[in-house]
Protein chains: 2
Amino acid sequence: MSMGSLQGYHCDNIDIKKAQIEEAVRVLLQGLDEDINKDGLIKTPHRVAKAFLDGTRGYKQNVDDIVQGALFPEAGLDNNKVGHAGGVGGLVIVRDLDLFSYCESCLLPFHVKCHVGYVPSGHRVVGLSKLSRVAEAFAKRLQHPQRLADEICAGLQQTVDPTGVAVILQCFHIHCSNGFVKKVISAGSGVFGDESDPIWREFFSLLKFRMSIADKNFSDWCPSVANVDTVSIDMVSAVTSIIRSLGEDPSRKELVGTPSRFVKWLMDFKHCDIKTILNESVSKNSDIPTSNKQIYSELNLPFLSQCEHHLLPFHGVVHIGYFGVEEVSPTKKSFLESIVQFYGLKLQVQERFTRQIAETAAPVFGGDIIVVAEASHTCMISRGIEKFGSSTATVAVLGQFSTDAAARALFLESLPRLSSLS
Amino acid sequence: MSMGSLQGYHCDNIDIKKAQIEEAVRVLLQGLDEDINKDGLIKTPHRVAKAFLDGTRGYKQNVDDIVQGALFPEAGLDNNKVGHAGGVGGLVIVRDLDLFSYCESCLLPFHVKCHVGYVPSGHRVVGLSKLSRVAEAFAKRLQHPQRLADEICAGLQQTVDPTGVAVILQCFHIHCSNGFVKKVISAGSGVFGDESDPIWREFFSLLKFRMSIADKNFSDWCPSVANVDTVSIDMVSAVTSIIRSLGEDPSRKELVGTPSRFVKWLMDFKHCDIKTILNESVSKNSDIPTSNKQIYSELNLPFLSQCEHHLLPFHGVVHIGYFGVEEVSPTKKSFLESIVQFYGLKLQVQERFTRQIAETAAPVFGGDIIVVAEASHTCMISRGIEKFGSSTATVAVLGQFSTDAAARALFLESLPRLSSLS
């Protein structure tokens, strides 16, 4: 296993790598029929290059360097005592390390909750933060969950040389239509080499969640599919060039289909001005006397979109409030779902997405509407800022909702407290 | 308000600053009667200097630089529509940004959950991640919660120039005996300048928690006290030198008592070999026939300790399992509490802490004991790795627990699932 850089494909000039990625991103944006000179997009190649290079910085990190100088002598039990503790046999666990990695199959980031345990030996322990740093060094590469677990485990086993290492990863991969694909993965070495050993049961007891380890079938892990026939050769070449600039070998067998999978994902967000997919045949409600109207709402309409600043997904739910005399008909509800989906499937910013939904839906509700979008932005967590757990809300108000603070308050206070984002 | 560096006190040579802090930390360690050349401590001055400089890097960050280039043109509503949306009036909120700051009163880190809202104007929005970066730039300084809220608010108001900015901070300050002091703070500008304006109610509705804003009385915020009489002048001077090296003015009125407060906090963890504070008079249980014994436990004994690698607090709970014929007597429970507290109050590593408790408590339980310590380490979250929400568990087993896997499993599976750390 290589612990450090992939020397054969490593180009040390960061400026050249950045320029190569930026050029490739411009090809991708043009393939999406976007104007690469418009304000929100002109610096997107720069931002995407920065995010990719930062998100794969692990290729330049060496586990030996991380652990070196953080191995501390630590006594075990007094000689006359029977048992395991401290630097000789006292199980150590670090739980709930949030990591982001890049799926080697499709180049989308995936979230990892990482739990590491080890059994010290030889009267020494490793600094607790190094367990996190080693995990991070392997996460910041193009990865597959099982290899990530195996590499963290082997990396710690080789450098710390303990009685055993255990790694549990909870992995979450975004899915275009179905929330997230979740997998729980394990890897063990030394005394953790045998999954039926009681030490595994002790490790699980000390984790704060209940779960079962996935079988070794990963066929449902990355939901993207390669379909070279339908994607542009130029765009595929551009992504291949990005992979090479990150220091990886695009001909590695797990990466061969990655460029076309990434392009296929992007093409779902291709620029499109035609609204014919929207059902415009729904009736307008503007002729109902205001005095008979109450506030109704449609909550938790799911959406997936793509941030135009970083080419990274954001996803969440939309809540819509309106004045009416009854709940929306199935036809209108389906109309709202179509709008939400339609405005998600393009390069977006959340503020615009919210406004567009409000403007398009308003006529159906007599012009009085309030729209709230709540989202998790991958770009807030997979880049330098790494604000796991943060979320964003944007509001658009039209007609009566813009002048009637009590109506706004009534609707906003009716929104679900518990986040539907996960 | 100064948005950038405190030029008057700023020394640009990072190596000199680092060396000054390292020298000061050596003075502090000697004041704690520690051997500064022992393995776990020899690099502590280096680690502490790195942590302090990283934790106060905000002094070198300028809000203009952060926001510049991330203001994007964004349309409001079509001309013929009444309301607020997008780049003209559409409320934008970013929630649950985890930050760490340093308390200017005592130099301990405090945790902040930050929520920022603003109302765009002039057909433009700011990149969502910049709200986080601006908040971070002010958090990474010696701070007071209200000033932190005010500075984030003013920084965004001045650079983004929106219709208004709102900031809510949930702040958590570690307390030596009582968990955490919690404060909820607000700041508002522009349309958020009036706390009774309905816009505040809308902002609150979109937060995912219920809370009341603290009154402006902060007398109970930082639980540390200055007591110059009882602390070493050399140690106080050393901390004063650290503050100066961080680019701050130690004579600023909020900082005048800080060195003695920090020293007083540290002195609670002074090296001490004498165990006379422990009540050794509790009876030994070794003469009860094994066949009559069952597993009993004492759970959730709280502790506070200080990481010897980073001079930063870690805190949590200890769970103890033993074989016996009955629950522990009040005398023995108090003995266990004393042990847990005693071994916390020194410079520690969690593995040693767990072993020491096990070794000291074992004789009282016939030599058969299992000890689990669960902790949150400030050093895992307030430095570069910033793994919010991560926690650590360490285990020590003596006597029968080391050979009887079923007994270990029985005890470990009885531990509380929900974390008592917070």
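The calculated FRET efficiency for A:Asp65 paired with B:Val256, based on their beta-carbon distance and R0 = 30 Å, is about 0.10. Its DSSP H runs of at least 4 residues, each contributing -39,500 (n - 2.57), put the calculated 222 nm mean residue ellipticity of chain B at -10000 deg cm²/dmol, to the nearest 500. Inter-chain Cβ neighbour count for A:342-351, averaged per residue, equals 3 (cutoff 10 Å, partner chain atoms only). Annotation: for a label point projected 7 angstrom from Cα along Cα→Cβ of A:Asp161, residues of segment A:114-132 with backbone N closer than 17 Å are A:119-127.
The largest-to-smallest principal axis extents of the Cα set in chain B are 89, 50, 34 Å. Taking Cα centre as origin and charging only the Cβ of basic (Lys, Arg, +1) and acidic (Asp, Glu, -1) residues, the dipole magnitude of segment A:133-186 rounds to 220 debye. When A:Glu254 is represented by a point 7 angstrom out along its Cα-to-C-beta vector, the spacings to that point in the other copies are 4.8 nm, nearest first. Here each label is just a point 7 Å from Cα along the line to Cβ, and for A:Ser196 and A:Ile233 those points are 5.5 nm apart.
GNM, chain B, Cα, under 10 Å: largest mean-square fluctuation among B:Ala85, B:Ala409, B:Ala49? Checking each option, the largest mean-square fluctuation is seen for B:Ala409.
Backbone amide hydrogens, once placed in the peptide plane, bring B:Gln306 within less than 5 Å of B:Phe314, B:Lys346, B:Gln348, excluding anything fewer than 5 places away on its chain. What you get for chain A, charging only the Cβ of Lys and Arg (+1) and of Asp and Glu (-1), is a dipole of about 320 debye around the Cα centre. Protein heavy-atom accessible surface, 1.4 Å probe, per residue over the protein assembly as shown: 38 Å². Take each residue in B:103-113, count the other chain C-beta atoms within 10 Å of its C-beta, and the mean is 0.
Please work out whether segment A:140-179 counts as rounded, prolate or oblate from its C-alpha gyration tensor, where a ≥ b ≥ c are the square roots of the eigenvalues and a/c under 1.5 means rounded, while otherwise a/b larger than b/c means prolate and anything else oblate?
Judged from the Cα gyration tensor, segment A:140-179 comes out prolate (a/c at least 1.5, a/b above b/c).
Converting phi to 3J(HN,Hα) with the Karplus coefficients 6.51, -1.76 and 1.60 and the offset θ = phi - 60°, segment A:327-340 yields 4, 5, 5, x, 4, 5, 4, 5, 4, 4, 4, 5, 4, 4 Hz in sequence order, with x at every glycine or proline. Distance from the C-alpha centroid of segment B:66-113 to that of segment B:293-319: 38 Å, rounded to the whole angstrom.
Which residues make up the longest stretch of chain B that has no GluC sites (Glu not before Pro) in a DSSP loop with at most 13 other Cβ atoms within 10 Å? Could the numbers behind the result be given before it?
Working: sites that count: B:Glu195, B:Glu280, B:Glu326, B:Glu327.
Counting at most 13 other Cβ atoms within 10 Å as exposed, the longest clean stretch of chain B is B:1-194.
Amide H to amide H distances under 5 Å link B:Gly389 with no residue, where only residues 5 or more positions off or on other chains count and H is placed in the peptide plane.
Inter-copy label distances at B:Lys38, shortest first and taken from points set 7 Å along Cα to Cβ: 6.5 nm. Restricting attention to segment B:57-207, the count of lysine pairs at 8 or more positions apart or across chains with alpha carbons under 28 Å apart stands at 13. For segment A:108-116, putting each phi into the Karplus relation 6.51 cos²θ - 1.76 cosθ + 1.60 with θ = phi - 60° gives couplings of 7, x, 10, 8, 10, 9, 10, 10, 10 Hz, in residue order, rounded to whole numbers and with x for Gly and Pro. For the protein assembly as shown, with equal point scatterers placed on the C-alpha atoms only and solvent neglected, what are the log10 I(q)/I(0) values from the Debye formula at q = 0.06, 0.07, 0.09 1/Å, to two decimals? Each listed q maps to, in turn, -0.44, -0.60, -0.97.
Shown for A:Gln294: label points 7 Å from Cα along the beta-carbon vector, and their distances to the equivalent points in the other copies, 5.6 nm in ascending order.
Counting Cβ atoms of other protein chains within 10 Å of each Cβ in A:234-246 and taking the mean gives 0. Each Cα pair under 8 Å and six or more residues apart adds its separation to the average, and for chain A the resulting relative contact order is 15 percent.
For the residues B:Arg133, B:Arg355, a 1.4 Å probe over the protein chains yields an accessible-area ranking, largest first, of B:Arg133, B:Arg355.
Projecting the alpha carbon convex hull of segment B:304-360 along each direction and taking the average yields 4.0 nm². Computed over chain A with a Gaussian network model linking Cα atoms closer than 10 Å, the most mobile of A:Thr163, A:Thr331, A:Thr258 is A:Thr331.
Mind checking how much accessible area A and B bury in total, 1.4 Å probe, in Å² rounded to 100? It would help to have the intermediate numbers written out before the result.
Numbers: alone 19420 and 19430 Å², together 31810 Å².
For A against B, buried area totals roughly 7000 Å².
Label reach from A:Lys81 (point 7 Å along Cα→C-beta): in segment B:360-377, amide nitrogens under 13 Å belong to B:360-372. Full extension of the chain between B:Cys176 and B:Glu23 gives 52.4 nm of extra length, using 0.36 nm per residue less the Cα-Cα distance.
P(r) for segment B:57-207, from all Cα pairs and a bin width of 5 Å, is 2, 10, 19, 21, 18, 13, 8, 4, 2, 1, 0, 0, 0 %, short bins first.
For the protein assembly as shown, a crude dipole built from +1 on the beta carbon of Lys and Arg and -1 on the beta carbon of Asp and Glu, taken about the Cα centre, is about 140 debye to the nearest 20.
Taken one residue at a time, the phi angles of segment A:235-247 give Karplus couplings (6.51, -1.76, 1.60, θ = phi - 60°) of 5, 4, 4, 4, 5, 4, 5, 4, 4, 5, 5, 7, x Hz. Gly and Pro are set to x.
The values are calculated or read from the model by the stated rules, or taken from the named source; none is laboratory data. These figures come from a predicted structure and were not determined experimentally. Virtual Cβ from ideal backbone geometry, glycine too; neighbours counted across all protein chains shown. Ligands, DNA and RNA are excluded from the accessible area calculation, which covers all protein heavy atoms including side chains. Shrake-Rupley method; radii C 1.70, N 1.55, O 1.52, S 1.80 Å.
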